[in-house]
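Heads up: the structure comes next, in structure tokens.
Taken together, the values in this text are just the output of simple stated rules run on the coordinates, not laboratory data. Only a predicted model underlies this, so the values are computations on that prediction, with no experimental measurement involved. Here Cβ is always computed from backbone atoms with ideal geometry, including for glycine, and neighbour counts include all displayed protein chains.
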Amino acid sequence: MQIGILSRNSKLYSTRRLVEAAKARGHEPKVVDVLRCYMNITSNKPTIYYKTKGVKEKLKFDTVIPRIGASVTNYGTAVLRQFEVANVYSVNESVAISRSRDKLRAHQLLARKGIGMPITSYANRADATDDLIEFVGGAPLIVKVMSSTQGKGVLLAETAKAAESLINAFRDLQTDFLVQEFIAEAGGSDIRCFVIGDKVIAAMQRSAKEGEFRSNLHMGGTAKVIKLKPEERALAVKAAKVMGLDVAGVDIVRSSHGPLVLEVNSSPGLEGIETATGKDVAGSIIEYIEKDSQKGPNQLTGKG
């Protein structure tokens with residue numbers, strides 16, 4: 001197969017591993033920067049062009065693997081939609097990626113399907129500050145900027161006064177954010193479940209460094225292999241399905257009232273999970289695509 005890997009940086013670990021895995025299985029991968037793509041949107045012959053170093057080419061792939069960064073979500077999903085309109089299979093659909101990137105929308109969809117999550121509140125009025133704090137059980141609590149990624153824009157307010165100041169500061173900046181229950185018993189740890197299709201194929205526990213509450217590896221956290229409980233495995237798969245993602249990183253936390261979903265990531269990194277578990281996750285993605293793409297291109301339902 002000719003496989004297009006939609007990534008802005010061919011040197012990233014995840015991108016390199018997908019290229020290696022595709023070649024190892026006899027495919028022809030090509031890394032494409034979505035910001036260098038442009039489209040001819042017609043009903044009869046939708047096309048995508050790519051220009052690099054002054055050379056223009058028309059892109060034709062059997063399948064694409066979207067690795068679209070959060071900062072280019074809108075344009076990246078527009079390019080992916082054009083591939084979908086042209087009947088090219090994508091392992092994750094554009095609407096599913098958009099769904100997962102909108103934190104409020106994602107939380108609402110998960111809640112609608114009964115997925116356990118930390119208690120979350122949201123409002124657009126400054127005079128709702130006290131209620132937002134009360135809804136999540138008071139301080140300590142988490143304030144999470146809607147556009148946060150890799151732990152950036154996620155803040156801990158340890159007292160009610162600090163929470164009030166933080167919430168009002170974000171209001172003044174006109175920044176959209178969520179207020180969320182802080183799961184103290186997790187001890188600064190969470191679990192990344194790597195879901196492909198209907199299976200969790202790898203999992204690792206991430207622990208925050210001393211003095212930090214965020215467990216993200218980019219924030220200095222550490223990772224180790226962990227054995228999932230059956231209910232954790234089922235929760236991760238269900239959360240990915242609610243988002244409509246065939247490949248996802250589902251972050252869960254162990255609480256006193258069972259496992260809770262923190263986030264569903266549509267472009268989960270491969271370096272941490274492959275290093276911690278020793279598993280060929282990139283190869284598993286390519287193997288899944290080989291089988292799933294035989295069903296044909298994505299069906300654009302417009303739902304969600």
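General remarks:
- Kirkwood Rh, angstrom, region 186-266 [1 / mean 1/r, Cα pairs]: 12.6
- Computed lengthening from Glu28 to Asp292, 0.36 nm per intervening residue step minus Cα-Cα distance: 93.3 nm
- Across all directions, the average flat footprint of the convex hull enclosing the Cα atoms of the chain is 16.8 nm².
- Taking amide hydrogens as placed 1.01 Å from N in the peptide plane, the amide H of Met117 sits under 5 Å from those of Val261, each at least 5 positions away in sequence or on another chain.
- Inter-label distance, nm, simple model (7 Å from Cα along the C-beta direction), Thr52/Asn74: 2.6
- Principal-axis tilt of helix 230-243 within the chain, Cα atoms, nearest 10 degrees: 60
- For the chain, calculated [θ]222 nm from helices alone, where every DSSP H run of n ≥ 4 adds -39500 (n - 2.57): -9500 deg cm²/dmol
- Gyration tensor verdict on region 20-59 (Cα atoms; rounded if a/c is under 1.5, prolate if a/b is larger than b/c, oblate otherwise): oblate
- Both radii were evaluated on the Cα set of region 2-99; the Rg over Rh quotient, with Rh as the Kirkwood radius, amounts to 0.94.
- Summarising the amide proton neighbourhood of Asn265: residues at separation of 5 or more, or on other chains, whose placed amide H is nearer than 5 Å comprise Gly249, Val250, Asp251.
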